[in-house]
Every structure is written in C-alpha cells, then in structure tokens.
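Notes for the one structure printed next.
The values are calculated or read from the model by the stated rules, or taken from the named source; none is laboratory data. Computed from a predicted structure; not experimentally measured. Here the Cβ positions follow ideal geometry from the backbone for every residue, glycine too, while neighbour counts run over all protein chains shown.
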C-alpha cells in the first residue's frame, strides 16, 4: 500500500504540473488561438550566426536575440526554456474607419533626403523575416494597414492607429506631400502625377517621380486612406463663381505658354488653360475645386456695375467702398461737393484682358475709374461758376458720359452711363439759387392764377349770356308786342277821335233839329258851339295821337336795350312763330278782347248814321256803368 502511494504522488504531480514538465523535458509550447508567440533566443551554442550583425536588433538567421519569426496559434516542441523565452502577445487590431501606421525598429538605412521607408513585400508586415530580407528600411513606413487583425511582431514593428481622412461636402482638399523629389526651380508646386489613387498609394506617387511639397492636384469630398506621415490635407471651400460673374483664372504653376492676345495688347500675357499666367478661358457661374495656393480665380462682374462716389452709399459688391464724394472748385473760387454714379460693364470675353492689365477689379477702380472721373469733374467745374454748373447739369452729365466712355474703351470696359447725383454748393449760393427759383415759381403761379381768372371770367360771361337768352327772347317779344300795342293805341285814338267827332256832329244835328224854331242867333250860336266842339275834339285827338306816339317811343327805347336778345330768340324760334307766341302771351296776360262785346256800325249816311253811332255809344256807357256796379 505504501509502495502504491509513492507511485501515485509523482503521477499526481505530473498531472498537475504537466505543462511545466512538458515544457522543461520536451520543450512544448502551446500558443492560444487569440495570441502569437514572440521568441527570444538566449544563446547559440556554436556557428557562424552566433551573434547579430552590428546595428541589427532582430535575428532572421537563428542568431541570439529577438527572433523575427513569431509563433502562430498551435503546439510547438523543442523550445526548451533554458534556450528560448516565449512571450504571448495579442494580435494587432485596426478598427473600422481607422488605419494602422507602421514604424519599423530595424532594417536598412533610409536614403539621405528621404524621411519615409519604402514599401517591400512582407505580407502586410506580418512576415518580419521577409521584410528584413527584402531590404525593408527602419523608420516610418509609407505603407499602412487597413481595418482587420494582424500578427505583427512588436519586436520589429510598432503600430499606431490613425483616423481615416474624410473631406466634407462642398470642400476641397489641398495636398502637401512630405516626401518625394525636390520641386523644380521656378515652381511653387510639384508636377502632376498619375496612378497614385488620390495619394492613397504614396509609393506609386514617389515611383512616378512625385515631388514633395505643395501638389497641383486636389481631392474632392469623400473618405480616403491617407498616411498622415506622407500626406497632409488642408480643407478649403470650393471656389464659387456667382451668377452674373465670370472667374478669370490666374495660374501660378505650369510651363510658360504662348501669348494669345496679339501685338496690340501690351499689358500682359494671356495663355491657354494649363499654362502659367492668365487663362484665356474664364470660368462660368458654378463651383470649382480650385487649389487656392496654385491658382487664383478673380471674379469679374459681367452685369452692369454701379460705382458710387458718395460718402453715405456703397453697393453690395463693395468695389466702391473707398470712393467718396468729389470736392471741386468753381471758376469763381467756391468749393462744392457732388455725388457721382458711374455704370460700367465688362464683357465676359474681355474679362481676362482686364485682369491681365490690372490684376483685379479693385485695381481697375482705383487706378482708372477714380482718377478719371474725379479729374474730369474737377476740370469741368473750373470752367464755370457754381450757379452755371447747377443749371447746366444735364449737359455736363452728357459730356461726362461721352468723355469717360472714350477713356474706358481703351481699357476694354464699356461705360454704360454717368450720372450726377446730389450737388451741394455753398450755403449762401444755395440760398440765392433757392430764392431765385422760388421767385420764378411764384411768377409762374401768378401767371397761372391770372389765366385761371381770365378763363373764369370768360366762363362767367358765357354763362351770363346763356342765362340771358331767355330774357333776350322775352325782350324781343316785348318789343314786338309794344310796337303792336302802340299801333293799336294809335288806331284806338284815331277811332276815339273819329267817334267823338261823329258824336259832336250828332249832337249838333240834334240841337239844330230841336232849335229849328229858334232864332238865327241861336242857330249861329249852336253852329259856333259845334265848331268849337269840333276844334276841341280835333285838338284832343291830336293830343291823344301825340301821347300814343310818345308812349310808343318810350316802349321802343326800353325794348332797344334787349333788342339783341329778342333778335337771338327770333333767330332761334323763327320770326312768325315768335310773333304768334308773344301775341298769344300778351293777350293772355292783359286780358285783351280780340272781338268787341258790341259792334257799332253805320250803314246809313247823314243824320241817320250819326244817330245810330250816338245810340251805340250811349249803350256802351250804360253797360260799363252796370258792370262797375256789379264789381263794387
């Protein structure tokens, strides 16, 4: 029993310490699946490769020291602990969106003038022995590893995780490389190189002769695997050419090109696209990925451009921000200020010539427009006094437009219009001019008022005439009626005289018949009385006739004042119609009897006729007396 116990003790120990036992007696090493084994050889018993060459720290031929070859996951024998030290190391893991930068601790020397070690075949740096045997150089490597897990020997390589480079939308990446050939003399950027996949393969870039420093190529928006030890990116906004503008390209790199302007243009060279200088082809409206270090885009407005020489006003383009109100001096020595606006237009095809001549639109304004316009108005003001300058503003504006157009035409710029704005003369002269203008306006006002009064008087006269038409017609009718009434009165007076004569004669005859018996004296007395009565009647008839004539003349005189009015009414209504109308009106107004109530006539002669007349008259008197009684 005791013997069995003793045999059991070594068996238990072997089971418990099997790894140590196998490692010590058989050199067994187990590498887990998520690890790799780093081998350090402690010594070499004998041989040519007993020690590492000078300058080397990793062994590739079995020399003592850190071994280039690592142990992959698995079971290994013969690695006795007294000769080999085995360290377990985790894999190198590069996450998504990252890259692994490699620094080699051993290898060949990097050539003078270079800062990066060139890429060699080494299975993404997982075969250290291949790396060293293929001439891998120590230091920062141009190659890098992308996302994944790698069995990289940390004795030889150091892995640094870096971000993937992302260029955002509406931006452009300006590239500067840190290694490569020297830039040629006279150039500020390297030459254009193809085949490097947007600088992601820096070895291809350098193999094709790429230069270190600023690159002419740019990178657009996107994600890139860029080695930050080899490439640096500076993001800039894309160059935008707004609508209504063109972009004149000025290239600072490239070969010298042939001048395309001809012999007449002596102010600069304009070359084809891709050469150094001002390009003949301008950029239209849009966005462009322009390298702002190698190329400049000068915006030139192609729409009508307004420039203000005014202290308080400036346009959105700000080309006139340094322009101010022009101060001039007149011939009579008075200084005054005036605002000027100049409208210009630069044709799109002429824009490269303008930039080749001046370099920018600001230079065009400061070197040409400002002195040209300022000097013109100063010279123009010296030719006249202030008041004349103010009153001849339109003519001076047209003259300025013609002069400035001729000047700007020589600079490939069109002068659309020249406008004189506010003119501020001395206060005293301004008051004089204002007073004069007020007096002129008052004079015009008075003239206008006078004309209005004359028109009003004429209107009132015509209105009065129109209103008098009715009265004129009425007056004309009254004249006609008065004339006819006068005639009727005369006729009536003659009739009354005749009637009275007949009455006297009748009375005389009656008296003669009654006094047949009387003496001759009585007869003579009766005859004398009859004669006296006849004479009185004749006188009375003559008086009545004269009275009628006087009344008629009076009525005629009154009617003459409105004669023209009656004549106009007669012309309007017609003579006959007017007469009928007026007679009818007068008959109705005065209640004139057209037909007598009693007709007294005499068909006999002598004494019988006279008696009939006297009887008729008597009858009429009785009827009148009876009528008056009834009325009373």
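With respect to residue 123, determine if the residue is surrounded by fewer than 19 Cβ atoms within 10 Å (Cβ to Cβ) and farther than 18 Å from residue 224 by Cβ. So residue 123 fits the description; yes. Among the residues of the range 382-396, what is the count of those that are within 15 Å of residue 421 (Cβ to Cβ) and surrounded by 16 or more Cβ atoms within 10 Å (Cβ to Cβ)? So the answer is 3. Any residue that is in the same structural domain as residue 283 (by TED's automatic domain parsing), modelled with pLDDT of 90 or more, assigned to a helix (DSSP H, G or I) and within 30 Å of residue 250 (Cα to Cα) - is there at least one of those in the range 335-349? Yes: the range 335-349 contains one or more residues that are in the same structural domain as residue 283 (by TED's automatic domain parsing), modelled with pLDDT of 90 or more, assigned to a helix (DSSP H, G or I) and within 30 Å of residue 250 (Cα to Cα). Checked against (1) in contact (Cβ under 8 Å) with a residue 60 or more places away in the chain; (2) in contact with a helix residue (DSSP H, G or I) (Cβ under 6 Å, 6 or more places away or on another chain); (3) part of a helix (DSSP H, G or I), residue 356 meets all criteria but (2).
Grab the strands (runs of 3 or more DSSP E) fully contained in the range 196-302, keeping just those with 2 or more residues being touching a helix residue (DSSP H, G or I) at 6+ places or on another chain (Cβ under 6 Å). Here the list reads 245-251, 295-301. Given the criteria touching a residue at least 12 places away in the same chain (Cβ under 8 Å), assigned by TED's automatic domain parsing to the domain that holds residue 210 and in contact with a strand residue (DSSP E or B) (Cβ under 7 Å, 6 or more places away or on another chain), does residue 231 qualify? For residue 231, the condition - touching a residue at least 12 places away in the same chain (Cβ under 8 Å), assigned by TED's automatic domain parsing to the domain that holds residue 210 and in contact with a strand residue (DSSP E or B) (Cβ under 7 Å, 6 or more places away or on another chain) - is met.
Entry remark, the range 315-329: residues being at pLDDT 85 or above and touching a strand residue (DSSP E or B) at 6+ places or on another chain (Cβ under 8 Å) number 9 in total. The set of residues in the range 128-183 that are without any contact (Cβ under 8 Å) to a residue 40 or more places away in the chain, assigned to a loop (DSSP other than H, G, I, E, B) and surrounded by 15 or more Cβ atoms within 10 Å (Cβ to Cβ) comprises 136, 138, 180, 183.
Residue selection: residue 103 satisfies the criterion of being surrounded by fewer than 17 Cβ atoms within 10 Å (Cβ to Cβ), assigned by TED's automatic domain parsing to the domain that holds residue 120, in a strand (DSSP E or B) and in contact with a strand residue (DSSP E or B) (Cβ under 6 Å, 6 or more places away or on another chain). Exactly one residue out of 199, 205 is surrounded by 14 or more Cβ atoms within 10 Å (Cβ to Cβ), more than 52 Å from the chain's Cα centre (by Cα) and modelled with pLDDT of 95 or more: that is 205. Here residue 115 qualifies as touching a residue at least 12 places away in the same chain (Cβ under 8 Å) and assigned to a loop (DSSP other than H, G, I, E, B). Residue count for the range 61-90, restricted to those that are at pLDDT 90 or above, assigned to a loop (DSSP other than H, G, I, E, B) and either surrounded by 16 or more Cβ atoms within 10 Å (Cβ to Cβ) or in the same structural domain as residue 128 (by TED's automatic domain parsing) (or both): 3. For the range 256-271, what are the residues that are in contact with a strand residue (DSSP E or B) (Cβ under 7 Å, 6 or more places away or on another chain) and either surrounded by 12 or more Cβ atoms within 10 Å (Cβ to Cβ) or within 17 Å of residue 360 (Cα to Cα) (or both)? Selection gives 257, 259, 260, 261, 268, 269, 270, 271. Can you tell me which residue is farthest from the chain's Cα centre (by Cα) among those in the range 303-334 that are exposed (fewer than 15 other Cβ atoms within 10 Å of the Cβ) and outside any loop (DSSP other than H, G, I, E, B)? Per the stated criteria, the residue is 329.
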